[in-house]
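The values are calculated or read from the model by the stated rules, or taken from the named source; none is laboratory data. If you're wondering where the values come from, they're calculated on a predicted model, not measured in any experiment. Neighbour counts run over all protein chains shown; Cβ positions are idealised from the backbone, glycine included.
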Amino acid sequence: MERLKKIMLAVDKINLFTGHVMVYVLLLAVLVISFEVMMRYLFNMPTNWGHEAMTLLFAILYITLGGFCHYYRGHVRVDILYSSLSERGRAILDVFTSVFFFIYILALTYFCWEFYWSSQTMEAGGKIFGVTVPGEMSFTDWGPPLYCVKFMMPLGGVLLLAQGINWFIRDLHMAVTGRGL
């Protein structure tokens with residue numbers, strides 16, 4: 001049991017660390033879009049990379065923060081029945097509904113991996129610092145690699161899945177024993 005608790009604590013810490021790192025990614029996205037807006041409207045010199053960089057940064061944020069949000073149980077719930085239940089009743093309901101969660105997250109992670117892998121193995125002929133690299137590149141003038149951003153999708157799915165397993169174990173323990181883990 002102690003080993004399981006250590007693994008669960010490690011998953012919690014990884015998701016919390018990811019959330020704290022993503023604060024800086026958000027800050028970078030805000031700085032990039034602020035720079036783009038300033039260049040476009042104050043100096044009439046729009047950048048060709050600002051909007052795309054901001055979009056890619058927000059995509060990374062959106063997909064990787066699922067586990068962080070689930071750590072705090074911040075996802076949307078239908079609270080009509082849930083809030084009126086005892087803590088044990090909520091745990092029983094969460095165990096029952098976790099089946100749907102796991103089906104969704106496993107499918108999401110699988111298809112995100114397929115999406116990423118097709119991007120990674122694409123022969124787009126892109127060059128970074130003069131070196132030809134495999135993988136999908138953006139078709140814009142800036143042309144950043146997209147496969148590294150698409151890798152964040154299955155990674156985010158794995159982080160959310162791991163946090164979901166943590167909550168499932170805690171809920172199952174609460175449902176069976178009536179005590180928190």
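Scanning the range 41-64 for residues that are among the polar types (S, T, N, Q) and either in contact with a helix residue (DSSP H, G or I) (Cβ under 6 Å, 6 or more places away or on another chain) or not in a helix (DSSP H, G or I) (or both) turns up N44, T47, N48, T64. Within the range 38-79, the residues that satisfy the criterion of being over 29 Å from S98 (Cβ atoms) and among the β-branched types (V, I, T) are T47, T55. Looking at the range 78-85, is at least one residue aliphatic (A, V, I, L, M) and at pLDDT 95 or above? For the range 78-85, residues aliphatic (A, V, I, L, M) and at pLDDT 95 or above: absent. Close Cβ contacts (under 9 Å, 6 or more residues apart or on different chains) running from residues in the range 125-154 that are among the charged types (D, E, K, R) to residues that are part of a strand (DSSP E or B) comprise K127/V133; K127/M137; E136/G126; E136/P145.
Given the criterion modelled with pLDDT under 95, within 17 Å of F168 (Cβ to Cβ) and either more than 20 Å from the chain's Cα centre (by Cα) or hydrophobic (A, V, I, L, M, F, W, C) (or both), identify the matching residue among M1, M45, M8. Of the residues listed, the single one that is modelled with pLDDT under 95, within 17 Å of F168 (Cβ to Cβ) and either more than 20 Å from the chain's Cα centre (by Cα) or hydrophobic (A, V, I, L, M, F, W, C) (or both) is M1. Got at least one residue in the range 142-149 being surrounded by 16 or more Cβ atoms within 10 Å (Cβ to Cβ), in contact with a helix residue (DSSP H, G or I) (Cβ under 9 Å, 6 or more places away or on another chain) and among the small types (G, A, S)? For the range 142-149, residues surrounded by 16 or more Cβ atoms within 10 Å (Cβ to Cβ), in contact with a helix residue (DSSP H, G or I) (Cβ under 9 Å, 6 or more places away or on another chain) and among the small types (G, A, S): absent. Of all residues in the range 102-124, those being surrounded by 15 or more Cβ atoms within 10 Å (Cβ to Cβ) and under 12 Å from M137 (Cα atoms) number 4.
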